[in-house]
1. When you check B:Asn111 against the structure, is it in a loop (DSSP other than H, G, I, E, B) and touching a residue at least 40 places away in the same chain (Cβ under 8 Å), yes or no?
2. Out of the residues in the stretch B:100-134 that are away from chain A (no Cβ under 14 Å) and aromatic (Phe, Trp, Tyr), which is farthest from B:Val259 (Cα to Cα)?
3. Is at least one residue of the stretch B:58-76 of a type outside the set (D, E, K, R), in a loop (DSSP other than H, G, I, E, B) and crowded, with 23+ Cβ neighbours inside 10 Å?
4. Looking only at residues in the stretch B:334-381 that are part of a helix (DSSP H, G or I) and among the acidic types (Asp, Glu), which one is farthest from the other protein chains (Cβ to nearest Cβ)?
5. Could you list, in sequence order, the residues of the stretch A:124-135 that are touching a Phe, Trp or Tyr at 6+ places or on another chain (Cβ under 9 Å) and either exposed (fewer than 13 other Cβ atoms within 10 Å of the Cβ) or assigned to a loop (DSSP other than H, G, I, E, B) (or both)?
6. Within the stretch B:88-96, is there a residue that is of a type in the set (Gly, Ala, Ser), assigned to a loop (DSSP other than H, G, I, E, B) and either surrounded by 14 or more Cβ atoms within 10 Å (Cβ to Cβ) or away from chain A (no Cβ under 13 Å) (or both)?
7. It is to be established whether one or more residues within the stretch B:30-45 are surrounded by fewer than 14 Cβ atoms within 10 Å (Cβ to Cβ) and charged (D, E, K, R).
8. Give the residues of the stretch B:23-37 that are within 9 Å of another protein chain (Cβ to nearest Cβ) and either free of Cβ contacts under 8 Å to residues at least 60 places away in the same chain or within 19 Å of B:Met238 (Cα to Cα) (or both), sorted by residue number.
Amino acid sequence: MSSRREILDLLGENARYTTEDLAHMTDFTESEVEEIVAEFEDAGVITGYQAVVNWDALDTDGERVRATVELNVALDRETNYGDIADRIAKFPEVTSLRLVSGDYDFDLTVEGDSMREVSHFISDKVAPIPEITQTVTHYIMESYKEQGMEFDDHDDDDRLSISP
Amino acid sequence: MTLEPADRVDAVPPSGIRRFFELAEEMDDIISLGVGEPDFSAPWAAREAAITSLERGQTSYTANKGKRELRTRISRFEDGAHGLSYDPDDEMLVTAGASEGLDLAFRALLNPGDTLAVAQPCYVSYVPGATFAGVDVVDVPTRAEDEFKLTREVLEASGAAEADALVYCYPNNPTGATMTGDELRDVAAFCREHDLAVFADEIYADLTYEHEHTSIATLPGMRERTVVFNGFSKAFAMTGFRLGYAMGPEEAITAMNRVHQYTMLSAPTTAQHAAIEALDNCLDEVSEMTAQYDRRRNYVLSRFDEMGLECFPAAGAFYAFPECPWDDADEFAEALLQEEKVAVVPGSAFGEGGDGHLRISYATGLDELKTAMNRIESFVS
């Protein structure tokens, strides 16, 4: 018997599966699939659908510069992590923001058209936030795997076309 | 003395899938639903263990029966997964694929002139293997109306009662049929009544989608007359490693090992290292692959239903076995390949009882499967 969770797994694997595909792969009818997906969207479980892009494979024109930034913050009575996160997450340049354990507090990913743009964003917008005590920026030089997908995994189908 | 083939080799025709293979190989851009192996690569941890063993120079023979570390793990795994309890020292033999195990059983446990009942349609090697061993074959064709399960009725009708042994494979290649414990009980009773040994090819045991696999060796009075064959090819997607194993009573395994030690010596060492890792750390990946096959199975069966192709709900392996809408399945398969570039294998390639059907392997990514189904739909409509 299929579970609602299976729809999430399938969309996680390929967000472009059609309602019809999902119904064919599970025990749900098409209208049940539509209903389940709508419920997940309404409940904020599914928050969006995006392509996994290997930017390195694109012509240089469209290349994006990405950096991960370690942020340290100092909290006070009036400010908690959530308050700081709200301020940082609002910037469109920030593509992901996570509170992490370890040597620093926040781990954010920033995207821009050039190193200059990304550097300016960190120094002009992020660093001046009063609670932020330190930033360490790491530019991403090459990406090998994103969102569970390995780029160029050399895993071609080399099976015989017909076998017993 | 000339180098002519021996009579018993000459007696075996080339594989029925050979012609389709040659046709398919000549064409570009085909989508093949004719592949009898997983589309997944072996789990990375298993591949990495193989690489590490090579780096460490572990390239010598192993014990004839296989590395003990592997046999103890297989023993534990089979106990947990299928309720089979075999001593790793005396009742188990690691082989170069389940195919080697079956060949050993035919040669070591049957005499020339003995009779082997072969449940069909089946994997292409059973009948030739028996012929090479000088063993006579009784065809036991299963029937579409039984969803290709083995029944007492077909065993009786085929004259299997007179045979010395029975070989079958469930979950089945090419039909995808499975058998429940209750259904196997009848087969077991028949084998006990007529004193048949059983060679149970359970290579697809972990690829079942509607009920748990039952091994005939777990049924009363069957362990002593059964050799069970399994391996890493299907569920672990490790076909090219060539690693299987046989489990049975000590006497049978000792006899099989006598042939094995003089022919194979030991199963591939690198593969044994990979298999140890596979059993230790890759069961989650097996579950994930199984879940994927099940989705594809649902997809394929739904599509066949929509396009009006009769197909029983195959519950195991990675095959569906629809009825061919044309009278001649060979002609259909050839036309489908030429016109729509979709390769399937006619059921007749797998022996008696397969005629009029098509083996559809869903060991192919969903996007390709979808395109193939669209093409089949437009071809049959």
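1. No: the conditions fail for B:Asn111.
2. Ranking the qualifying residues of the stretch B:100-134, first place goes to B:Phe132.
3. Checked against the condition, which is being of a type outside the set (D, E, K, R), in a loop (DSSP other than H, G, I, E, B) and crowded, with 23+ Cβ neighbours inside 10 Å, the stretch B:58-76 yields at least one hit.
4. B:Glu339
5. A:Gln134
6. Yes, there is a match, as at least one residue in the stretch B:88-96 is of a type in the set (Gly, Ala, Ser), assigned to a loop (DSSP other than H, G, I, E, B) and either surrounded by 14 or more Cβ atoms within 10 Å (Cβ to Cβ) or away from chain A (no Cβ under 13 Å) (or both).
7. No, because not a single residue in the stretch B:30-45 is surrounded by fewer than 14 Cβ atoms within 10 Å (Cβ to Cβ) and charged (D, E, K, R).
8. B:Glu25, B:Gly34, B:Val35, B:Gly36, B:Glu37
The values are calculated or read from the model by the stated rules, or taken from the named source; none is laboratory data. Given the structure is predicted, the values throughout are model-derived calculations rather than measurements. In this analysis, Cβ positions are derived from the backbone assuming ideal geometry, glycine residues included, and neighbour counts consider all displayed protein chains.
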